[in-house]
Amino acid sequence: MKKVLMGNHAASWGAKLSRVQMIAAYPITPQTHIVEELSEMCGDGRLNAKFLKVESEHSAMASVIASETTGVRSFTASSSNGLALMHELLHWAAGARLPIVMVNVNRALAPGWNIWADQGDSLAQRDTGWIQIYVEDNQEVLDSIIQGYRIAEQVNLPVMVCYDAFFLSHTYEPVDIPDQELVDSWLPPFEPAHFLDPDNPSAFYGLIMPDNYMEMRYRLQQAHETAKTVIPDVGRSFGNHFGRSYDLVESLYCDDAETILITSSSATSPARLVIEKLRKTGRKIGLLKMRVFRPFPAEVVRTILGSGKKAIVIDRNCSWGKGGIFADEIKGAIANLPDAPQVHSYIAGLGGRGITPALIEDIIKQADSSPTPLPASVWMGLKPFN
């Protein structure tokens, strides 16, 4: 069936259709609607799950770690400073190889206090060991959560599905909601190989000595390398089953492009309009949508960018003292290419400021007028200040 859903309710439906069995709920703007809707689903019997109300985001992650350790498919959601409060336990979840799926509604970190879109909260967690998926629209929100469980439970890694505050979380779009039976035929019940079982006692979360710790972490890295293959496989299988395919990235007109614009999340939608407009003028320009950030799809990026092209990256984030985070990762991915593409780095849209087609055209014009990239990320749309 099709329904007009806000992004947050699309996330709730994704969790429901995945038949989650435990939800740890702590509301924080702008993700509150997710757990509110799930509480109603549990309350009226549409979803048979334990709905656990906790006192903090730290407790929410502790709770899903506990439930996943007992072999229960679990879900939670957070945002901004709430996600930052989870930071310690995000490491525990990934290090324990627990296939948790959570939603993070990307919101600016305080101070200043701000409830609007900014990717700094999730990207600050990029080294915790979680798979990170950045989605463009509400349909992709729902689909990515269902895929998230199949990915997570194959590679034993937690998955964070990220989307922009208000641009998606509170915006209503038509969403195709697949039948529960169809989802059940594609996403099997969770059957962990190792879990807390009184009939088969095991030790969990013990002290790891130097003789074993490095190998444990190597296996975590290898799981991410495996995920680079599993994620496209799952995306193709999802497409065969539901009619919508997904991959690590999405490219548009990149085969003959001399310039490639690189975006992520909701900024991709206005970028599509700009690319279509410029293609009609004969401009050889393409669009690369970065969907998966961890594991970083370096091999795919190198293949698409090739050599000698110009890459223009728009980041709704900043690594303070360095610059745009996606741009920096892309520079690292192509550094050893002969005749590596020039990467022009732009920062825009922090704290929920709009990334409009007009702004994107301005960014492309600025990059066109610069024979070589500037040494630092260029901040676009700044207002005069003293």
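Read-outs: derived from the displayed coordinates by stated rules, not from any lab. In this text, all values refer to a predicted model and were calculated from it rather than measured experimentally. Cβ: placed from backbone, ideal geometry, glycine included. Neighbour counts: every protein chain shown.
Sorting ILE304, ILE231 on the 10 Å Cβ count, fewest up front, what's the list?
So the residues, fewest neighbours to most, are ILE304, ILE231.
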query = So how tilted is helix 32-43 from the main axis of the chain? Cα-based, degrees 0 to 90, rounded to 10.
reply = 30 degrees
ask   = With a 10 Å Cβ neighbour count serving as the proxy for reagent exposure, in which order, fewest first, do SER237, SER264 appear?
value = SER237, SER264
task = Would you please state the base-10 log of I(q)/I(0) at q = 0.11, 0.18, 0.24 1/Å for the stretch 278-386, with intensities from the Debye formula using one equal scatterer on every alpha carbon?
result = -0.36, -0.98, -1.61
request  = Determine the calculated [θ] at 222 nm for the chain from helices alone, applying -39500 (n - 2.57) to every DSSP H run no shorter than 4 residues and normalising by the residue count; nearest 500 deg cm²/dmol.
outcome  = -12500 deg cm²/dmol
query = What angle do you read, to the nearest 10 degrees and between 0 and 90, between the alpha-carbon axis of helix 357-369 and the longest principal axis of the chain?
reply = 50 degrees
request  = Could you work out the relative contact order of the chain, using alpha carbon pairs under 8 angstrom and six or more residues apart, expressed as a whole percent?
outcome  = 16 percent
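Which GluC sites (Glu not before Pro) in the stretch 1-56 pass both tests, a DSSP loop state and at most 13 other beta-carbon atoms within 10 Å?
GLU55
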note = Here the net charge surrounding VAL105, from other residues whose Cβ is less than 10 Å away from its Cβ (Lys, Arg +1; Asp, Glu -1), is -1
ask   = Using Cα atoms only, what is the angle between the long axis of helix 325-334 and the major principal axis of the chain, expressed in degrees (0 to 90) to the nearest 10?
value = 80 degrees
Highest to lowest packing among 194-202, 248-256, 116-124, scored as the average C-beta count within 10 Å = 116-124, 248-256, 194-202
request  = Using only alpha carbon positions, build the gyration tensor of the chain, then give the equivalent ellipsoid semi-axes as the square roots of 5 times its eigenvalues, largest first, whole angstrom.
outcome  = 35, 23, 21
inquiry  = If neighbour count is taken as other Cβ atoms inside 10 Å, put MET102, MET214, MET290 in order from fewest to most.
reply    = MET214, MET290, MET102
note = So for the stretch 1-110, using the alpha carbon gyration tensor with a ≥ b ≥ c as root eigenvalues (a/c under 1.5 gives rounded; past that, a/b versus b/c decides prolate or oblate), I'd call it oblate
remark   = the chain, Gaussian network, Cα under 10 Å: of ASN240, ASN106, ASN81, the residue fluctuating most is ASN240
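From the alpha carbon gyration tensor of the stretch 173-303, can you work out the equivalent ellipsoid semi-axes (sqrt of 5 times each eigenvalue) and give them in Å, largest to smallest?
39, 23, 11
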